[in-house]
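As structure tokens, the structure follows; a few thoughts come after it.
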Amino acid sequence: MSATRFTYLGPEGTFTEAALRTLPEAATRELVPMVSVPAALDAVRAGEAAAALVPIENSVEGGVTATLDELASGEPLMIYREVLLPIAFALLVRPGTKLSEVKTVTGHPVAQPQVRNWLRNNLPDALWESAASNADGARLVQEGRYDAAFAGEFAAATYGLVPLVSEIHDAENAETRFVLVGRPARPSAPTGADKTSVVIWLGDDHPGALLELLQEFAVRGVNLMLIQSRPTGAGIGNYCFAVDAEGHIADRRVGEALMGLKRICPKVRFLGSYPRAGVTADDVRPLRAGTSDVEFTAASDWLARCQDGRA
């Protein structure tokens, strides 16, 4: 395995590259852009890279389905950390282009909902076509295929473009969450401000099936931060669920919730327990009564005494 190489959703100049460069370890790695999320992750599976950084969630559009689906299928991978990056777009054009001359625009599909209102108000007649990434859209503008691209302003110099308009975003404080993904290994130690990600498959479709899954978390006081259904490909009505839960697999409440899911579900894929970005243990709200590790241990000891006739 190449321990000195990280892959990311490319080409150069993407928000993913900008997020990757915020990690201290990126300064000592070879950063290799890939044409797609599957390509970035497959390089890790093949041992050609130690890890890959890919987008997984946007505060405007929700989960990034390409990443969720790729993590749910194929050879298992594991999330080791997450990065939050504020997102604002610039309208990049070839030098000399005026706003009135922009008739075609491009960008990543996830970008469109974040600039839809701006487009409606400023370029209502412009034709939108999606690109593989925002940076790839900038490359296509450089080649003359489109008049403008929505991308990070930092991508302008890479592709010989200029920002015609900057700081474009329909939603204030928009963020994208990225995850650093590697081969499965022992999770890092709990920090007190962690997140656990899993993918869960329903056994069969019946009334209350989803509720049964949620109850495994609820009765143990585990808060869910994300739950998103994804089709399994086995036909209409067949879904799996990507779930992010507060806590670490080493926490008794989280570990027992995962064991409960494993008992009632045909398949549970553990995607990792890792520190939450921008959150410390002091920021995490107190646990509900009866859900701390101390209380789980005390209850387990009590049960053992009952079984031994010592209660």
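The values are calculated or read from the model by the stated rules, or taken from the named source; none is laboratory data. From a predicted model like this one, the values you see are computed outputs, not experimental measurements. Glycine also receives a Cβ, built like all others from the backbone with ideal geometry; neighbour counts cover every protein chain displayed. With ligands, DNA and RNA removed, areas are computed over all heavy atoms of the protein, side chains included. Shrake-Rupley method; radii C 1.70, N 1.55, O 1.52, S 1.80 Å.
Which residue, 33, 118, 284, has the largest displacement toward the positive end of the dipole of the chain when charges sit on each Cβ (Lys, Arg +1; Asp, Glu -1)? It is 284, whose Cα lies furthest towards the positive end. Seen from a random direction on average, the alpha-carbon convex hull of the chain projects onto 19.6 square nanometres. Local charge for residue 141 was computed over the other residues whose Cβ lies under 15 Å away, with Lys and Arg +1 and Asp and Glu -1, and equals -2.
Measuring with a 1.4 Å probe in the full set of protein chains, what accessible area per residue, in whole Å², belongs to the range 174-311?
Working: 7380 Å² over 138 residues.
In whole numbers, the range 174-311 has 53 Å² accessible per residue.
The solvent-accessible area of residue 25, taken with every protein chain present and a 1.4 Å probe, is close to 50 Å². Rounded to the nearest 20 debye, the dipole magnitude of the chain is 460 debye, with +1 charges on Lys and Arg beta carbons, -1 on Asp and Glu beta carbons, and the Cα centre as origin. Could you check how much of the accessible area of the chain is carbon and sulfur, as a whole percent, using a 1.4 Å probe? Exposed carbon and sulfur together represent 53 percent of the surface. Treating r as the C-beta distance of residue 100 and residue 173 and R0 as 45 Å, the FRET efficiency rounds to 0.90. Between the range 190-252 and the range 105-138, the C-alpha centres lie 33 angstrom from each other.
The stretch between residue 218 and residue 48, if pulled fully straight at 0.36 nm per residue, gains 57.2 nm over its current Cα-Cα span. So, how do all the Cα-to-Cα distances of the range 69-206 break down into 5 Å bins, in percent, from 0 on up? With 5 Å bins starting at 0, P(r) equals 2, 9, 16, 17, 13, 10, 10, 10, 7, 4, 2, 0, 0.
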